[in-house]
Amino acid sequence: MALARIARNGLRRSGGTIGSYTSDKDILCEGVSAYKCPLASPQNVTAGGNMSFLSSIRKVDHVSFRSRGISVTPQYQFAQAQRIVEESDSENENPRYPSLEATKPGEKPRVVVLGTGWAACRFLKGLDTRIYDVVCISPRNHMVFTPLLASTCVGTLEFRSVAEPVSQIQSALSKDPNSYFYLASCTGINKDKHEVYCETVSDGGLPHEPYKFKVAYDKLVIAAGAEPLTFGIMGVKEHAFFLREVYHAQEIRRKLLLNLMLCENPGVSEEEKERLLHCVVIGGGPTGVEFSGELSDFIIRDVRQRYTHVKNYIRVTLIEANEILSSFDVGLRQYATKHLTKCGVRLVRGVVREVHQEKIVLSDGSDVPYGLLVWSTGVGPSEFVKALNLPKSPGGRIGVDEWLRVPSVEDIFALGDCAGFLEQTGRPVLPALAQVAEREGKYLVELFNKIGKQNGGKAFSAKDIPLGDPFVYKHLGSMASVGRYKALVDLRQSKDAKGVSLAGFISWFIWRSAYLTRVVSWRNRFYVAVNWATTLVFGRDNSRIG
């Protein structure tokens, strides 16, 4: 029966030919590449041949799966990674993934962190690795300093100035023998087994695609971030650029410079030049306003000098359904409106109904042709967060209590843009801001270090440990640049509270000083300062690379 079942499963995978086992030998034959699979050659399967080779399928060395885990990070382990297919009486097969097994008595507890955003990296930076082993899982290996991301789109800053490798934020990920960074996306969580299931990020370089594995945890911190909100509007994902990642900024820069150079070609009509050089920004929040300000400054200082043939065609339109910078003081909103208008940014109040390849259709039926469309209307829960079988807060985020724990499950915490207070806590869901995520990360790492010192780091071991004061967020204020050495600083603790509000050059100096001090490492602070000085003296670089 076992022979018939193996043959039937093999025929189903190969499309009906035993010969195709030559490409699937690594599925049936377990072990590293040094093992030779008897099924690799069709001559091994004959009507009267010796079938003793089948016994070798059962003789598998499982040492690597019973050991504590993968000894190096997955990108170096893939060539030896094993895939096991369990035999079953049913037609379905249940694969056992390569895994980082659960910690054993006497070993340090393992904290698994999902994400490399503001919350995750602040948590990683402060985690006491003398108490914990740490595993970080994320589809990117760096943190993005998002407040300065808009500046990279037009060449004010270089891209590496806003990206900090996670291994430099927490050196244990690259140095400690039982701490790892895995370039992968989490696809599921088993709350009962304390395991997360992952799928690697690769580009066809692995023997199996997609390559999957699992990691056991003692404590799990979900800081997976959020996704841009599109409100289900047709064409947004296909035609608009977002501004959340470094590669988003790179795409915007390439598109902007491409359009500038295409318009200088002979034979391009006046109408086409106006469309190609019409930059439209959707969303009047801090990101949309700062990008519009950077773009207008780029046009005034650089385009008019270096693209004189098409300088009269380029323009910027900012479309917002309500008021721009709605969370700022009224006086600051009025200042921003006047300044942006003076710098050539056209402000339009409207709602987008459809997005096409070359035009936007507003709710009033009017068409807005464009050559570059940047979408910045806020963020919402990602598909990963929506799919998790965990309590949800209003708005669809992962629900947490006052200590950032996910109720009803053991040893799972959530923070940052993917988390929000549950309704029963009586607290409002905090805005998706960098300072909120950073403060949550700081609070949670102090909590983890505290319970770790009281031997509460292992799974199911922190039930009776007092957690202390709950998390309380106090807003420190908001800042936004509007271009041309002008910025807004609103130091009120809430929208309706009273406080200091500044606008102008002094605010711009405060804005730059504050962000320079908040950049994670001294290396990147040096990069940012040098980039700002270089841009001031020589202007922005307009090379189109890639």
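Pairs of lysine residues in the stretch 425-546 that meet both criteria, 8 or more places apart or on different chains and Cα atoms under 15 Å apart, total 7.
Take each peptide in 391-399, 219-227, count the other Cβ atoms within 10 Å of every residue, and average; sorted highest first, the result is 219-227, 391-399.
First check a/c for the stretch 291-377, with a ≥ b ≥ c the square roots of the eigenvalues of its C-alpha gyration tensor; if it is under 1.5, answer rounded, and if not, answer prolate when a/b is larger than b/c or oblate otherwise. It is oblate, given that a/c is not under 1.5 and a/b is not larger than b/c. Rounded if a/c is under 1.5, else prolate if a/b is larger than b/c, else oblate: which is the stretch 465-546, with a ≥ b ≥ c the root eigenvalues of its Cα gyration tensor? Oblate. First check a/c for the stretch 193-237, with a ≥ b ≥ c the square roots of the eigenvalues of its C-alpha gyration tensor; if it is under 1.5, answer rounded, and if not, answer prolate when a/b is larger than b/c or oblate otherwise. It is oblate, given that a/c is not under 1.5 and a/b is not larger than b/c.
Label separation (A387 vs R523): 3.4 nm, computed from points 7 Å beyond Cα along the C-beta direction.
Between R160 and A514, the C-beta separation translates, for a Förster distance of 22 Å, into a calculated FRET efficiency of about 0.55. If you take all other residues with their beta carbon under 11 Å from the beta carbon of D541, and give Lys and Arg +1 and Asp and Glu -1, the sum is +2. R304 contributes an accessible area of around 120 Å² to the protein surface, as traced by a 1.4 Å probe with all chains present.
Taken as Cα centroids, the stretch 399-414 and the stretch 456-512 sit 23 Å apart, rounded to the nearest whole angstrom.
Using the Cβ-Cβ distance between D364 and K342 with R0 set to 45 Å, the FRET efficiency works out to roughly 0.95.
The values are calculated or read from the model by the stated rules, or taken from the named source; none is laboratory data. What you see is a predicted model, and the numbers here were worked out from it, not measured in a lab. Here the Cβ is made from the backbone with ideal geometry for all residues, glycine too, and neighbour counts use every protein chain on show. Areas reflect the complete protein model, heavy atoms only, side chains present, ligands, DNA and RNA absent. Shrake-Rupley method; radii C 1.70, N 1.55, O 1.52, S 1.80 Å.
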